[in-house]
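Notes follow the structure.
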Amino acid sequence: MVVILKPKTSEEDVTKIISYVEDMGLDVMVNKGVDCTVLGLLGDTSRIDPDTLMLNVHVDRVMRIAEPFKKASRKFHPEPTIVKVGGAEIGKEGTFTVIAGPCSVETEEQIIHVAESVKNSGAALLRGGAFKPRTSPYSFQGLELEGLRLLKEAREKTGLPIVTEIMSPKMVEVFEKDVDIIQVGARNMQNFDLLKELGKTSKPILLKRGLSATIEEWLMSAEYILAEGNPNVILCERGIRTFETYTRNTLDLSAIPAVKRLSHLPVIVDPSHSAGMSWMVEPLSLAAMAVGADGLIVEVHNNPAKAWCDGAQSLNESQFDSLMKKMRAIGKHVDKEIV
Ligand code: PEP
Ligand code: MN
């Protein structure tokens, strides 16, 4: 962190600022210029709030040099993190992992049908919501524990590991026992109590980007999980709010190479919630692979027109099969194999 002092700051005031910073456990490199003094703060500056430093009348500007996320940063962990679940190795170079399934678990017949079908098409994991974060309290809220039971049944029948969303810290124990990847939805990306509890487990966590979160805020949420000791975090870009209303959200494709550069964590794309329209899922999925994503999480339903949730953005089973064929073809050009 660099602190630029105002011109004509007295020696006495410079010394006071230096002592203040040193008392916080940092070393200070002093650079006296003709007009002003510049302080280089060395050490763990994550505890220093630039706005608090700015309260000092002699401070002109404060600039952060390092990112506030440390454990999520590629600078301190150059090797990519690979999250192993079942046979999948999410984040491994040259591979691409597809998670597919309905927005929500509805019936035994539905989830088993979709699970078998997406498995045959090449999905490595099954998704399905049991606890649903709905905008309206009057909308279907998910089958909850019965939904989890049905997901486990689908896992038993197909061998596909299961991915499902958690909403409350109270459910961590149950999810830790029953679920293979615990999904944190966009609406809970900054539910810090939930993130801390999940950090105490060793389960893979699929952390979706918040509705209007910056990349830095998203990585800071990952930091909460990592800081508690759980290294198994997978990031998921699912579109963000912009002024555009044509699509449900705007898929921020640029976030994929950005996150890959900033962090060692795997990053996958959810083209379903990004677009909100099933016909757009295929082009967005192909683009996601081309820009370097490590995988996809796609909504697939056996009868989208009758889906209890998010039918408009769900692929039917044959559309998903055809998407997988196209993904394999693109994969050949970008050295990614769907596994
Ligand atoms: C979901 O995956 O069903 C979901 C609710 O996603 P998001 O949190 O991205 O809105
Ligand atoms: Mn959904």
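The values are calculated or read from the model by the stated rules, or taken from the named source; none is laboratory data. Since we're looking at a predicted model, the values are computed, not measured. Note: ideal-geometry Cβ built from the backbone for every residue, glycine included; neighbour counts use all protein chains shown. Heads up: the accessible areas ignore ligands, DNA and RNA and are worked out on the full protein's heavy atoms, side chains in. Shrake-Rupley method; radii C 1.70, N 1.55, O 1.52, S 1.80 Å.
Among residues belonging to segment 71-127 that are in a helix (DSSP H, G or I) and among the charged types (D, E, K, R), point out the one that is most open to solvent (accessible area, probe 1.4 Å). First the steps, then the outcome.
Going through segment 71-127, the residues in a helix (DSSP H, G or I) turn out to be 108-121.
Next cut, among the charged types (D, E, K, R) only: 108-109, 116, 119.
Details: 108: 88, 109: 150, 116: 84, 119: 94 Å².
The selected residue is 109.
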Unmet requirement for residue 39, which otherwise passes all of (1) touching a helix residue (DSSP H, G or I) at 6+ places or on another chain (Cβ under 8 Å); (2) farther than 25 Å from residue 7 by Cβ: (2)
Filter result for residue 198 (closer than 24 Å to residue 84 by Cβ, open to solvent by less than 10 Å² (accessible area, probe 1.4 Å) and in a helix (DSSP H, G or I)): yes
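Kindly provide the set of residues from segment 306-339 that are farther than 19 Å from residue 119 by Cβ and in a helix (DSSP H, G or I), ordered by number. Let's see the steps before the verdict.
Step one: list which residues in segment 306-339 are farther than 19 Å from residue 119 by Cβ, which gives 306-313, 329-330, 332-336.
Selection gives 306, 311, 312, 313, 329, 330, 332, 333.
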Residue 283, sole failed condition from (1) under 22 Å from the mean Cα position of the chain (by Cα); (2) within 15 Å of ligand 1 (Cβ to nearest atom): (2)
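Could you list all residues from segment 244-297 that are in a helix (DSSP H, G or I) and of a type in the set (Val, Ile, Thr)?
If we filter segment 244-297 for residues that are in a helix (DSSP H, G or I), which is where we start, we get 255-262, 271-275, 278-290.
Of everything in segment 244-297, those that are in a helix (DSSP H, G or I) and of a type in the set (Val, Ile, Thr) turn out to be 256, 259, 281.
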Of residues in segment 154-213 being more than 12 Å from the chain's Cα centre (by Cα) and among the small types (Gly, Ala, Ser), the one modelled with the lowest pLDDT: 202
Inter-residue pairs, beta-carbon under 6 Å, first within 15 Å of residue 59 (Cα to Cα) and in segment 4-30, second among the β-branched types (Val, Ile, Thr) and part of a strand (DSSP E or B), 6+ apart: 4/38; 5/37; 14/37; 18/28; 21/28
Condition broken by residue 151, with the remaining ones in (1) assigned to a helix (DSSP H, G or I); (2) of a type outside the set (Lys, Arg); (3) touching a Ser or Thr at 6+ places or on another chain (Cβ under 7 Å); (4) open to solvent by 60 Å² or more (accessible area, probe 1.4 Å) satisfied: (4)
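Could you tell me which of the residues 275, 287, 255, 293 is within 16 Å of ligand 2 (Cβ to nearest atom), of a type outside the set (Ser, Thr, Tyr) and closer than 25 Å to residue 329 by Cα? I'd like the intermediate steps shown before the answer.
Details: 287 fails: within 16 Å of ligand 2 (Cβ to nearest atom); 255 fails: within 16 Å of ligand 2 (Cβ to nearest atom); 293 fails: within 16 Å of ligand 2 (Cβ to nearest atom).
Among 275, 287, 255, 293, only 275 is within 16 Å of ligand 2 (Cβ to nearest atom), of a type outside the set (Ser, Thr, Tyr) and closer than 25 Å to residue 329 by Cα.
Considering only segment 298-305, I want to know if a residue exists there that is part of a helix (DSSP H, G or I) and in contact with a Gly (Cβ under 9 Å, 6 or more places away or on another chain). Break it down stepwise before answering.
Taking segment 298-305 first, the residues part of a helix (DSSP H, G or I) are 304-305.
Adding the requirement that they be in contact with a Gly (Cβ under 9 Å, 6 or more places away or on another chain) leaves 304-305.
Yes, there is a match, as at least one residue in segment 298-305 is part of a helix (DSSP H, G or I) and in contact with a Gly (Cβ under 9 Å, 6 or more places away or on another chain).
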Looking only at segment 304-321, and only at residues there that are away from ligand 1 (no atom under 16 Å from the Cβ) and without any contact (Cβ under 8 Å) to a residue 40 or more places away in the chain, the one that is most open to solvent (accessible area, probe 1.4 Å): 306
Top-ranked residue of segment 225-243 - restricted to ones that are over 12 Å from the mean Cα position of the chain (by Cα) and part of a helix (DSSP H, G or I), ranked as surrounded by the most Cβ atoms within 10 Å (Cβ to Cβ): 226
Looking only at segment 130-147, and only at residues there that are away from ligand 1 (no atom under 13 Å from the Cβ) and within 18 Å of residue 113 (Cβ to Cβ), the one that is most open to solvent (accessible area, probe 1.4 Å): 146
Neighbours by Cβ (under 8 Å, 6+ apart or cross-chain): first from segment 104-128, without any contact (Cβ under 8 Å) to a residue 60 or more places away in the chain and under 19 Å from residue 270 (Cα atoms); second part of a loop (DSSP other than H, G, I, E, B) and open to solvent by 20 Å² or more (accessible area, probe 1.4 Å): 105/143; 119/159; 125/86; 125/180
Filtered residues of segment 246-263 (kept if open to solvent by less than 10 Å² (accessible area, probe 1.4 Å) and in contact (Cβ under 8 Å) with a residue 40 or more places away in the chain): 255, 259, 263
